[in-house]
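The structure appears below as structure tokens.
The values are calculated or read from the model by the stated rules, or taken from the named source; none is laboratory data. All values derive from a computational prediction rather than experimental measurement. Cβ placement follows ideal geometry from the backbone for every residue including glycine, while neighbour counts extend to all protein chains displayed.
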Amino acid sequence: MTNQESIKGSMAPVAWLFQLITAIFMVFFLGVHLWIMHAEGSISLTIQSILQRINDPWWKTFYIVFLVSVVYHGLNGLRGIVFDLGVKKKSLTNALFWIVAIISIIYGIYLLYSI
Amino acid sequence: MENIILRIKRGDPNHWEYRDYDVPVEKDSTVLDALYYVRDNIDHSLSFRASCRMEVCGSCAMMVNSFPTTTCSTLFSKIKPAKIENGKKVYIIEPLRGESFKWIRDLVVDFDEFFKKHESIKPYLIRKDNPEGQLIQSPKELKKYYPLTLCIKCGACVAACPISNSDPNYLGPAALTAAYRFNADSRDQGKNLRLAIVSDPEGCWRCHFSSECSNACPKNVDPASAIQKLKVQSTGYELKRIFLGKRGE
Amino acid sequence: MSLKGSLFWIKIKGRQISDGIAFLFHRLTGLVILLYLYIHFAALSQLIGSQSTGGQNFQNFLKTVESPPFVALDILLFLVIFYHGANGIRLVFSEFGIGTSRRKLFFWIMMILGVIGWILLTYIVVKAFLGR
């Protein structure tokens, strides 16, 4: 028994899954970030140590994945709030979400490489 | 015996006000008893829906002190008054709120939207074959979904849900719980049909586990847990669709 | 679209702390952190070119952010982050269907852990601030 009308795809579960995965990532990332910048960093934060860290390829990867996670998690959360308001223009909201997310990620990577 | 004030929202969307009624209550009086008292003795024009008086029909759900509940099972002795004025306890009674309910008059709301949403998730057993005789089910299989069958469709969960109050298209806790109830039933074969409907952005994905529905439910159905399980089912369904190309059937 | 309906999100009356109010604060803290992300970007843009100038702008930057009002704001931000994180971990489990029936207990355990984390970090930051 199939009902063709009701069978359509939805990416909402994937968005949700990524929201949860980035959440778990960020518990770790933000923990590390807060530790090195504020706990340890309160005592010994110098420009040399920062430059040394962001020039290390592992740390660079870390920051890029962190950046992508935080931008996705934050903006997807905002998108959820907008949808919760009962917005009808779903595709426009989604397009805006992707545009802002991609610009934010590119800007973040630019900052990472230009400091 | 004690006299309390019932502050009831009277009127219709065009013209309304709060009116106070002085009602005597006993130790074991319910809010519904007090409403009947008002209608029988003070103001015959008061409208409200009620029938069984024993938490079975699901007609009498209202906002009591801003909290949605079935009035027939709400004892005055078990709830705190909204305020105390001139030494008398004041209880505020309002119709159910939310985008799914259209306020008609006094304490009566229109349930059309609510039941339309409920119907849209196919709340009935779907079989691919045409079985003869009875469908056998073990007590263990029954236990998986039995608590969810206690839902009386009173609408308290929908009135409590923050998202149902802002998004008119959200299916709402009652419909989603019904979807999970049939998905968890071993006799049912229409799981994917329902998952195709609830995995829509306006389906279970508008739920963010504020779990107010579970607090409000007078029958302790726990819609919040059911919706989370539905999310996991729905994710599995959509991932299968994306990676294995399996369609709902 | 119903902006009026969204006022219902901020209704506290009749809500449970571990459910509706936790949800409200999760939203608010999330918005604050998202706003902070862009402030953070703007702040970091002050550091562009540190590599070549040898960090003069970094010293100025550090002087600003290590002043008492900024440290106080930082500590407040930690609270916001720790709340969002602790409640978020609870939500991750809950949304996978784990621990949904013991919501109150789970919430308060996470809150206690979050506050402990916040106090520890605040202690380290304040100690370093006073020792400077």
Practice task
Among the residues of the range B:188-216, write down those that are closer than 21 Å to residue C:98 by Cβ, part of a loop (DSSP other than H, G, I, E, B) and out of contact with any Ser or Thr (no Cβ under 9 Å at 6 or more places or on another chain).
Solution key: B:207, B:208, B:210
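For every residue, the table says whether it meets (1) in a helix (DSSP H, G or I); (2) in contact with a Phe, Trp or Tyr (Cβ under 7 Å, 6 or more places away or on another chain); (3) away from chain A (no Cβ under 11 Å); (4) at pLDDT 95 or above.
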residue	(1), (2), (3), (4)
C:4	yes, no, no, no
C:9	yes, no, no, no
C:12	no, no, yes, no
C:31	yes, no, no, yes
C:57	yes, no, no, no
Practice task
For the range B:176-192, state whether one or more residues are surrounded by fewer than 24 Cβ atoms within 10 Å (Cβ to Cβ), small (Gly, Ala, Ser) and within 14 Å of chain C (Cβ to nearest Cβ).
Solution key: yes
Practice task
Answer yes or no as to whether residue A:52 is within 9 Å of another protein chain (Cβ to nearest Cβ), of a type in the set (S, T, N, Q) and in a helix (DSSP H, G or I).
Solution key: no
Completion exercise
Among (1) closer than 19 Å to residue C:82 by Cα; (2) surrounded by 15 or more Cβ atoms within 10 Å (Cβ to Cβ); (3) at pLDDT 90 or above, residue A:39 falls short only on (3)
Problem - Test: residue in the range B:200-208 that is in contact (Cβ under 8 Å) with a residue 24 or more places away in the chain, among the small types (Gly, Ala, Ser), more than 14 Å from chain C (Cβ to nearest Cβ) and surrounded by fewer than 22 Cβ atoms within 10 Å (Cβ to Cβ) - result: no
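Output the number of residues of the range C:14-29 satisfying the condition of being more than 30 Å from residue C:61 (Cα to Cα) and in a helix (DSSP H, G or I). Even if it seems obvious, please write down each step before you answer.
Step one: filter the range C:14-29 for residues more than 30 Å from residue C:61 (Cα to Cα), giving C:14-27.
Retained after the next criterion (residues that are in a helix (DSSP H, G or I)): C:17-27.
Number satisfying all stated conditions: 11.
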Exercise for the section: Tell me which residues, restricted to the range C:79-99, are closer than 19 Å to residue C:116 by Cα, surrounded by fewer than 19 Cβ atoms within 10 Å (Cβ to Cβ) and facing another protein chain (nearest Cβ under 10 Å). Expected result: C:89
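Among the residues of the range B:111-122, is any among the acidic types (Asp, Glu) and in a loop (DSSP other than H, G, I, E, B)?
Initial filter on the range B:111-122 (among the acidic types (Asp, Glu)): B:112-113, B:119.
Okay, now just the ones that are also in a loop (DSSP other than H, G, I, E, B), so none.
No, the range B:111-122 contains no residue that is among the acidic types (Asp, Glu) and in a loop (DSSP other than H, G, I, E, B).
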Problem - Count of the range C:34-51 residues which are surrounded by 13 or more Cβ atoms within 10 Å (Cβ to Cβ), more than 7 Å from chain A (Cβ to nearest Cβ) and among the hydrophobic types (A, V, I, L, M, F, W, C) - result: 1
Handout entry: Matching residues in the range C:14-25 - criterion: being more than 7 Å from chain B (Cβ to nearest Cβ), closer than 17 Å to residue C:102 by Cα and either in contact with a Gly (Cβ under 6 Å, 6 or more places away or on another chain) or not β-branched (Val, Ile, Thr) (or both)
Key = C:18, C:22
Fill in the blank from the handout: residue A:114 passes all but one of the listed conditions (1) more than 8 Å from chain C (Cβ to nearest Cβ); (2) within 20 Å of residue C:43 (Cβ to Cβ); (3) among the polar types (S, T, N, Q); the exception is number (1)
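Could you go through the range B:124-140 and let me know if any residue there is in a loop (DSSP other than H, G, I, E, B), surrounded by 15 or more Cβ atoms within 10 Å (Cβ to Cβ), not aromatic (Phe, Trp, Tyr) and not assigned by TED's automatic domain parsing to the domain that holds residue B:24. If you could, list the steps in order and put the result at the bottom.
Restricting attention to the range B:124-140, the residues satisfying the condition of being in a loop (DSSP other than H, G, I, E, B) are B:124-138.
Cutting the leftovers down to surrounded by 15 or more Cβ atoms within 10 Å (Cβ to Cβ) gives us B:126.
Now restrict to residues that are not aromatic (Phe, Trp, Tyr): B:126.
From what's left, not assigned by TED's automatic domain parsing to the domain that holds residue B:24: B:126.
Yes, some residue in the range B:124-140 is in a loop (DSSP other than H, G, I, E, B), surrounded by 15 or more Cβ atoms within 10 Å (Cβ to Cβ), not aromatic (Phe, Trp, Tyr) and not assigned by TED's automatic domain parsing to the domain that holds residue B:24.
Scan the range B:33-87 residue by residue and report those that are in a helix (DSSP H, G or I), β-branched (Val, Ile, Thr) and under 29 Å from residue C:8 (Cβ atoms).
Taking the range B:33-87 first, the residues in a helix (DSSP H, G or I) are B:33-42, B:71-73, B:76-78.
Keeping just the survivors that are β-branched (Val, Ile, Thr) gives B:38, B:42, B:71.
Scanning the range B:33-87 gives B:38, B:71.
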Exercise for the section: Return yes when residue A:61 is more than 11 Å from every other protein chain (Cβ to nearest Cβ) and surrounded by fewer than 17 Cβ atoms within 10 Å (Cβ to Cβ) and no when it is not. Expected result: yes
